[in-house]
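Have a look at the structure below before the remarks.
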Amino acid sequence: MKFSSRVQADLAPNRLTHALERRRAEGRPYVDLTESNPTRAGFDYPADLLVPLGNRRGLTYSPQPFGVMEARRAVADDYARRGLTVGPEHIVLTVSSSDAYSLLFRVLCDPGDQVLVPRPSYPLFEHLGRLDAVTIIPYDLEYHSAWSIDVASVERALSDRTRVLLVVTPNNPTGSYVKSHELDRLAAICAAREVALIADEVFADYELVPGASRSSGRVLARRDVLTFSLGGLSKSVGLPQVKLGWIGVGGPTTAVERSLARLEFACDTYLSVSTPVQLAAPELLERGASLRRQIQARVTANYNHLAARGAAIPTCEVLNAEGGWYAIVRVPSLCPEEELVLNLLADADVLTHPGYFFDFAHESHLVVSLLVSEARFREGVSHMFRYLESSGRQA
Ligand SMILES: Cc1ncc(COP(=O)(O)O)c(C=O)c1O
């Protein structure tokens, strides 16, 4: 039987997955510092939060490619909450951000065209690109006390086949916002080559340092380049299981109109977003604010704790982050990252992610989720640093 190369042939689990399976089978507990599912992180979800999904009007099916207008208006209002003006007619509802990426890749790219993505960043880009037959090309982010975009690496990555430049702001896992001066340069590059700019803004609500988002670029406010801003309930109100995302479309009028026409055709072909979730969206966005506040308080407290603990350990460095749900600890390269993560699990009972999952240019980094409940986070961080200190002394 022949299968498409859009799905890689080698689907074998990696060593960490095997180790975790063994560990669970043995029933030996560990602190999971990779938990990034908000519904499993001990937040106080109101018991009746999902009642709006039972709206009686959901019994009638009246399909609309971009979604019902009241939901699109609620999303536009949500952008307004963040100080961005976008009309509801420029909002496209999707099932998730993965769904949004897929739609945009299919509308903007032919098979084999190229999408530039930041490195390090979200590990799913490689799979998302492959499934839609586009080639993912990395450009670099650099760290010198703060993360910045290596614009020269963007220029080097460009080719005649580049159709999309993708930014994640704040980025997973670096926590860096794309600054307005960086956005100016990227927009100039895109405008000159008719390349579209996609900004994944799913973590936009979560500042780790107060005011950090103020210097970030406003993608949807641009008029010189075609832009797509991605968001969703998954992160903005901690409801990944409800499955509602969106795309805000901005830029020069003609390019916006032409892309909306194509997106409408693609959305009309699939009609993926369920009617109940669309009808519930206005209330979920409003009531979900209480979850957002809880998540915000948690990630800030955990980040501050990690930074304070890390500052006391000379061999490790907690990298400065500005926003999002993740933090990075730079550690001495005494052994390969994968080995280190396996040892931390076996000998210190703590699970972290190795930097190579996120395509860091070099080793060694550990990535932790800031979503973990505060007591567990402190316990895990204490295990992690104790192990790193003692292995540093032995080296
Ligand atoms: C940068 C980034 N974009 C998108 C997502 C996923 O969002 P969704 O659940 O809407 O697909 C994640 C999840 O971790 C992410 O890190």
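The values are calculated or read from the model by the stated rules, or taken from the named source; none is laboratory data. The shown structure was predicted, so the numbers you read here are calculated from the model rather than taken from an experiment. FYI the Cβ positions are ideal-geometry reconstructions off the backbone, even for glycines, and counts take in every protein chain you see. The area values use the complete protein model at the heavy-atom level, side chains included, leaving out ligands, DNA and RNA. Shrake-Rupley method; radii C 1.70, N 1.55, O 1.52, S 1.80 Å.
Filter the range 233-245 down to the residues that are open to solvent by less than 10 Å² (accessible area, probe 1.4 Å) and touching a residue at least 60 places away in the same chain (Cβ under 8 Å), then identify the one that is nearest to the ligand (Cβ to nearest atom). Among those residues, the one meeting the criterion is Gly245.
If you go through the range 41-74 and pick out every residue that is part of a helix (DSSP H, G or I), hydrophobic (A, V, I, L, M, F, W, C) and in contact with a helix residue (DSSP H, G or I) (Cβ under 7 Å, 6 or more places away or on another chain), you end up with 4. Among the residues of the range 316-330, just one is within 14 Å of Glu363 (Cα to Cα) and either within 16 Å of the ligand (Cβ to nearest atom) or among the polar types (S, T, N, Q) (or both), namely Ile328. Does any residue of the range 372-393 turn out to be under 22 Å from Thr300 (Cα atoms), free of Cβ contacts under 8 Å to residues at least 24 places away in the same chain and part of a helix (DSSP H, G or I)? Scanning the range 372-393 turns up at least one residue that is under 22 Å from Thr300 (Cα atoms), free of Cβ contacts under 8 Å to residues at least 24 places away in the same chain and part of a helix (DSSP H, G or I).
None of Ser98, Ser145 is in a helix (DSSP H, G or I) and out of contact with any strand residue (DSSP E or B) (no Cβ under 6 Å at 6 or more places or on another chain) except Ser98.
Where helices (runs of 4 or more DSSP H) sit wholly within the range 249-353, those with at least 1 residues that are within 30 Å of Tyr30 (Cα to Cα) occupy 289-311, 337-348.
Take the residues of the range 331-344 that are buried (at least 20 other Cβ atoms within 10 Å of the Cβ) and either among the aromatic types (Phe, Trp, Tyr) or over 23 Å from the mean Cα position of the chain (by Cα) (or both): which is farthest from Pro118 (Cα to Cα)?
Keep residues of the range 331-344 that are buried (at least 20 other Cβ atoms within 10 Å of the Cβ), which gives 331, 337, 340-341, 344.
Checking the rest, the ones that are also either among the aromatic types (Phe, Trp, Tyr) or over 23 Å from the mean Cα position of the chain (by Cα) (or both) come to 331, 340, 344.
On the way: Val331: 22, Leu340: 25, Leu344: 28 Å.
Filtering the range 331-344 for residues that are buried (at least 20 other Cβ atoms within 10 Å of the Cβ) and either among the aromatic types (Phe, Trp, Tyr) or over 23 Å from the mean Cα position of the chain (by Cα) (or both), the one farthest from Pro118 (Cα to Cα) comes out as Leu344.
Would it be correct to say that Pro118 is under 21 Å from Gly175 (Cβ atoms), within 16 Å of the ligand (Cβ to nearest atom), open to solvent by less than 30 Å² (accessible area, probe 1.4 Å) and not aliphatic (A, V, I, L, M)? Give the derivation first.
Values: under 21 Å from Gly175 (Cβ atoms): yes; within 16 Å of the ligand (Cβ to nearest atom): yes; open to solvent by less than 30 Å² (accessible area, probe 1.4 Å): yes; not aliphatic (A, V, I, L, M): yes.
Yes, satisfied.
Go through (1) assigned to a helix (DSSP H, G or I); (2) surrounded by 15 or more Cβ atoms within 10 Å (Cβ to Cβ); (3) within 18 Å of the chain's Cα centre (by Cα); (4) not aromatic (Phe, Trp, Tyr) one by one and return the number of the condition Ser36 breaks. In the conditions (1) assigned to a helix (DSSP H, G or I); (2) surrounded by 15 or more Cβ atoms within 10 Å (Cβ to Cβ); (3) within 18 Å of the chain's Cα centre (by Cα); (4) not aromatic (Phe, Trp, Tyr), Ser36 misses (1) alone. The requirement of being in contact (Cβ under 8 Å) with a residue 12 or more places away in the chain and either within 13 Å of the ligand (Cβ to nearest atom) or touching a Cys at 6+ places or on another chain (Cβ under 8 Å) (or both) is fulfilled somewhere in the range 246-264, by at least one residue. If you go through the range 357-376 and keep only what is open to solvent by 10 Å² or more (accessible area, probe 1.4 Å) and farther than 21 Å from Asn37 by Cα, you end up with Asp359, Phe360, Ala361, His362, Glu363.
Note on the range 130-168: residues that are out of contact with any Lys or Arg (no Cβ under 9 Å at 6 or more places or on another chain), closer than 27 Å to Thr300 by Cα and either buried (at least 18 other Cβ atoms within 10 Å of the Cβ) or touching a residue at least 60 places away in the same chain (Cβ under 8 Å) (or both) total 6.
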